[in-house]
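The values are calculated or read from the model by the stated rules, or taken from the named source; none is laboratory data. These numbers were taken from a predicted model, which means no experiment stands behind them. We place every Cβ from the backbone using ideal geometry, glycine too, and count neighbours over all the protein chains shown. These area figures cover heavy atoms from the full protein model, side chains too; ligands, DNA and RNA do not enter into them. Shrake-Rupley method; radii C 1.70, N 1.55, O 1.52, S 1.80 Å.
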Amino acid sequence: MTFATASGKIILFGEHAVVYNQPAIAVPVMQVQVKVEVQNSARPGIWIVASSIDLNSELASLAAENALRKAITRVFEILSLATLPDLKIKITSTIPVAAGLGSGAAVSIALIRALSAHLGHPFSDVMVNDLCFEIEKLHHGSPSGIDNTVITFAKPVYFIKNQPIETFQVKESFTIVIADTGLPAPTKESVGDLKKLWEADPDRWNKIFNQVGNLVRKARVAIENGQWRDLGPLMDLNQALLKQMTVSSNELENLIAAAKNAGALGAKLSGGGRGGNMIALTSPAQANQVSSALLAAGARQTIITTIQ
Ligand code: PMV
């Protein structure tokens with residue numbers, strides 16, 4: 001048996017504007033993970049079992065555009081396998097689905113890693129990242145590539161579309177509380193709606209995206225200098241710009257207000273928006289209080305994570 005894991009992720013700053021070539025900052029969230037186990041099987045075929053999504057199917061019975069099928073088929077193609085082995089592939093995950101925590105990219109990454117290793121040719125991080133990006137494109141239309149990058153390299157990244165990956169140092173660790181609205185985050189839809197707005201008035205939106213880029217650059221300096229408290233006001237400003245982009249929602253705003261009232265230093269949505277998760281910056285001492293306030297305000301789940 002061969003297995004691989006991949007973590008979740010959050011975007012700290014710069015979602016959406018990143019699609020328009022502005023920088024964004026994303027970090028892995030190690031508390032939530034996907035695990036993929038691959039083993040040889042006596043049963044003919046390639047069977048994929050993912051009980052959390054009620055899946056127990058043979059590869060060929062999955063739709064051609066299914067992300068799991070695509071990832072497995074591409075690994076076989078890259079390895080130029082003449083005959084396909086009989087395998088059982090088991091996927092388990094604690095990453096909430098469609099919540100902006102990178103569940104889809106994490107499944108692809110753990111699957112590509114486990115399968116390529118099981119077949120005796122473990123793919124390099126660069127190969128894993130490229131292949132995951134190819135699969136993300138099938139599902140999200142025009143993703144920036146931030147999800148696959150931060151999850152593959154499992155480090156804080158300063159990401160600019162189509163540019164070499166840049167990781168950076170967190171001088172002093174800081175605490176983020178993540179809260180799930182429980183609503184799905186329709187990333188493809190929010191990205192598509194914003195594109196229409198941008199097409200109708202590119203000058204207006206480019207100015208807003210530039211403002212986001214400026215915030216992201218300031219946030220990176222603050223993180224590298226250990227001035228994490230400065231991130232609070234930057235998060236609030238980023239959220240105000242995301243709201244203008246029409247990607248917030250009443251549910252997200254309700255949780256953001258609850259976090260701020262409970263003492264968070266700043267808060268914003270994270271990822272595609274409209275649903276999914278929000279994040280709040282707190283001192284380590286206040287994290288539990290902010291988490292309880294978020295649950296009381298209707299969050300489905302909270303995660304307290306340390307960025308380091
Ligand atoms: O995959 P999500 O929902 O965490 O969000 C992706 C971030 C966006 O900037 C909205 C889209 C992208 O491709 O970068």
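Given N residues in region 20-102, what is Rg(Cα) / (2.2 N^0.38 Å)? Before the final figure, lay out each step's value.
Working: Rg = 15.6 Å, N = 83, 2.2 N^0.38 = 11.8 Å.
Its radius of gyration relative to the 2.2 N^0.38 Å reference: 1.32.
Between region 222-264 and region 2-30, how far is it from one alpha carbon centroid to the other, in angstrom?
Cα centres, region 222-264 to region 2-30: 17 Å.
Which of these, GLN239, GLN227, GLN33, has the largest mean-square fluctuation under a Gaussian network model of the chain (Cα springs below 10 Å)?
GLN227
Return the calculated 222 nm mean residue ellipticity for the chain, to the nearest 500 deg cm²/dmol, obtained by summing -39500 (n - 2.57) across DSSP H runs with n ≥ 4 and dividing by the residue count.
On the way: 9 runs with 125 residues, N = 308.
Using -39500 (n - 2.57) per qualifying helix, the result is -13000 deg cm²/dmol.
With a 1.4 Å probe and all protein chains left in place, how much of the accessible area of the chain comes from carbon and sulfur atoms, in whole percent?
Details: 6740 of 13180 Å².
On the chain, the fraction of accessible area on carbon and sulfur atoms equals 51 percent.
Under a point spin-label approximation (7 Å from Cα along Cα-to-Cβ), what is the ALA42-ALA285 distance to one decimal in nm?
Here the modelled spin labels are 6.2 nm apart.
With a 1.4 Å probe and all protein chains kept in place, how much accessible area does LEU79 have, in Å² rounded to the nearest 10?
Per-residue accessible area (LEU79): approximately 40 Å².
What FRET efficiency would be calculated for the residue pair ARG217, VAL49, taking the C-beta separation as r and a Förster radius of 30 Å, to the nearest 0.05?
0.10
May I ask for the Kirkwood hydrodynamic radius of region 84-237, worked out over all distinct Cα pairs and given in angstroms to one decimal?
18.0
Just to confirm, what accessible area per residue do you get for the chain at 1.4 Å probe, in whole Å²?
I get 43 Å² per residue for this part.
Under the rule a/c < 1.5 gives rounded, and otherwise a/b versus b/c splits prolate from oblate, where does region 59-156 land using the Cα gyration tensor? Before the final figure, lay out each step's value.
Numbers: a/c = 1.61, a/b = 1.40, b/c = 1.15.
It comes out prolate by the Cα gyration axes.
Determine, for each peptide in 113-123, 142-152, 201-211, 271-281, the mean count of other beta carbons within 10 angstrom over its residues, then list the peptides with the highest first. Intermediate results must be reported in sequence, preceding the final value.
Values: 113-123: 19.2, 142-152: 25.4, 201-211: 14.3, 271-281: 27.5.
Top of the packing list down: 271-281, 142-152, 113-123, 201-211.
From a point 7 Å beyond the Cα of ARG229 in the direction of its Cβ, which residues of region 267-284 have a backbone N at a distance under 11 Å?
What the label zone holds, given the 11 Å backbone N cut-off, is 283.
How charged is the neighbourhood of GLY14? Take every other residue with its Cβ under 12 Å from the Cβ of GLY14, and add Lys/Arg as +1 and Asp/Glu as -1.
+4
With the Cα gyration tensor of region 197-308 in hand, give its eigenvalues times 5 under a square root as the equivalent ellipsoid semi-axes, listed largest first in whole angstrom.
For region 197-308, the semi-axes come out at 25, 19, 9 Å.
Starting from the residue with the highest accessible area, list MET245, MET30 in decreasing order, probe 1.4 Å.
MET30, MET245
Provide the packing ranking of 212-222, 38-48, i.e. peptides ordered by the mean count of other C-beta atoms within 10 Å per residue, highest first.
Order by mean packing, descending: 212-222, 38-48.
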